[in-house]
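Right, one structure below, let's go through it.
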2 protein chains.
Amino acid sequence: MSLRMALLGLLSLSGPASGYDLTKLFESSINHAWQARHSQIYPELNKMADEGLVTVEEDGPRGRKTYTITEEGSRTVREWMLTTSPARPARDEKTLRAFLLPTLKPEEALGVLRETIRDCDAKLAVLEEIERRPSRPRTTGFGRYALDLGLRHTRMMRDWAAEAAEEIERSSRS
Amino acid sequence: MSLRMALLGLLSLSGPASGYDLTKLFESSINHAWQARHSQIYPELNKMADEGLVTVEEDGPRGRKTYTITEEGSRTVREWMLTTSPARPARDEKTLRAFLLPTLKPEEALGVLRETIRDCDAKLAVLEEIERRPSRPRTTGFGRYALDLGLRHTRMMRDWAAEAAEEIERSSRS
DNA sequence: GGTTGACATGTAAAATTCGACACGTCACTC
DNA sequence: GAGTGACGTGTCGAATTTTACATGTCAACC
């Protein structure tokens, strides 16, 4: 259901778009919270067209199909957003690795943590650059929350890694 | 591969355990970063036994099988931890919902955010209770990082929701 | 005229994950 | 002795996701 809602949501926020557009949008926006390849997106769009959640216009230059969300599609995503469904728990390989850190020797764990810090710093640089950029239409409203959450999440991860590293250093010195 | 590494990691951290134990351990430890039902765990343990990553002792009261990680299993998980594999990106339905918040009317979004805050507070209460609890064997080392990250993540989410809510209130007053 | 790269859509097989069904044991309580 | 609930393992079908294969167009550059 999540993929469907993500697609309807993107269509609702960005206006009519093609499968190709949506694939790109996925990558450049919610990638840190959800992902889908075009091989999953195209069939889902066709299914939704069959079910009347979106309409499709087949014209465009290269067999391009433009999808538009329908009234019913909007209702569907709105209901999903408002229901307190207990949302399936997150899956995050990075956090899993963090959890398994104690399986390593202190020096090894320290190496992994330092790499984590570097990765976070790199990601932060990218996100902060986007934040600084003079407001494109997308920065207001749509994408606003995503960016903010992404920044907070990355900073949180960085802080954690830094403090964990410091703790390991302290305890291995003693 | 992640499930396999999670299982090997847990076996490495907790010592020999049964599939049942591991299912429970999964729920009580890395649940917020990775999940698996017993229907996924049991077959994976059998496969790993075939491949020599774990050994199995079939005794125990109720047909209980006890799995122990082997040298090869340890090597496998260690290599995985140390390789900079670009870790598949996270999937988090809650963040997806957050991202789609702008599809809602301000009052509706506000409602969702307030509920998010309540959920985070509830989760924080649980985690902080665990943190306060006099150190059981698991709180040191194993589980230490997981708990810390869980706390930080939940606080981050709470702060984000609170500030987003405040921002919506401000802009709807004007 | 040929090549390259972004644009554009699709399918199929494999792997992963979930939800339901299925079976049996042991300890404790009423 | 019957019932309940935690313990314990397993399989199967469906849904979801990934990876690879497959095909073709348009614009720009050389």
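Annotations
- Within segment B:60-76, the residues that satisfy the criterion of being open to solvent by 70 Å² or more (accessible area, probe 1.4 Å) and more than 15 Å from DNA strand D (Cβ to nearest atom) are B:Glu71, B:Glu72, B:Arg75.
- Restricting segment A:19-36 to residues that are among the small types (Gly, Ala, Ser) and touching a Leu at 6+ places or on another chain (Cβ under 9 Å), the residue that is nearest to A:Pro89 (Cα to Cα): A:Ala33
- Considering each residue of segment A:47-59 in turn, at least one proves to be at pLDDT below 95, over 23 Å from B:Ala33 (Cα atoms) and either surrounded by fewer than 17 Cβ atoms within 10 Å (Cβ to Cβ) or more than 8 Å from DNA strand C (Cβ to nearest atom) (or both).
- Residue within segment A:92-108 that is under 27 Å from A:Asp21 (Cα atoms) and either open to solvent by less than 80 Å² (accessible area, probe 1.4 Å) or among the polar types (S, T, N, Q) (or both) present: yes
- Flag if A:Pro16 is more than 30 Å from B:Ala36 (Cβ to Cβ), touching a strand residue (DSSP E or B) at 6+ places or on another chain (Cβ under 6 Å) and surrounded by fewer than 19 Cβ atoms within 10 Å (Cβ to Cβ): yes
- The set of residues from segment A:1-58 being within 11 Å of DNA strand D (Cβ to nearest atom) and charged (D, E, K, R) comprises A:Arg4, A:Arg37, A:Glu44, A:Lys47.
Each row is one residue, and each column tells you yes or no for (1) more than 12 Å from chain B (Cβ to nearest Cβ); (2) at pLDDT 90 or above.
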| position | (1), (2) |
| --- | --- |
| A:Ala90 | no, yes |
| A:Phe99 | no, yes |
| A:Pro106 | no, yes |
| A:Ile117 | yes, yes |
| A:Phe142 | no, no |
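- Residue pairs whose Cβ atoms lie under 6 Å apart, sitting 6 or more positions apart in sequence or on different chains, and linking a residue in segment A:1-23 that is in contact (Cβ under 8 Å) with a residue 40 or more places away in the chain to a partner that is among the basic types (Lys, Arg) and within 14 Å of DNA strand D (Cβ to nearest atom), are A:Ser18/A:Arg64; A:Ser18/A:Lys65.
- Check on A:Gln35, outside the structural domain of A:Tyr145 (by TED's automatic domain parsing), under 15 Å from A:Ser2 (Cβ atoms) and open to solvent by less than 60 Å² (accessible area, probe 1.4 Å): yes
- Residues of segment B:12-27 that turn out to be more than 24 Å from B:Glu79 (Cα to Cα) and away from DNA strand C (no atom under 12 Å from the Cβ), as a count: 2
- Here B:Ile30 meets each of (1) under 17 Å from the mean Cα position of the chain (by Cα); (2) hydrophobic (A, V, I, L, M, F, W, C); (3) open to solvent by 30 Å² or more (accessible area, probe 1.4 Å) with one exception, condition (3).
The values are calculated or read from the model by the stated rules, or taken from the named source; none is laboratory data. Being a predicted model, the structure only gives us computed values, none of them experimental. Cβ coordinates were reconstructed from backbone atoms using ideal geometry, including for glycine residues, and neighbour counts include every protein chain displayed. SASA here: full protein model, heavy atoms, side chains in, ligands and nucleic acids out. Shrake-Rupley method; radii C 1.70, N 1.55, O 1.52, S 1.80 Å.
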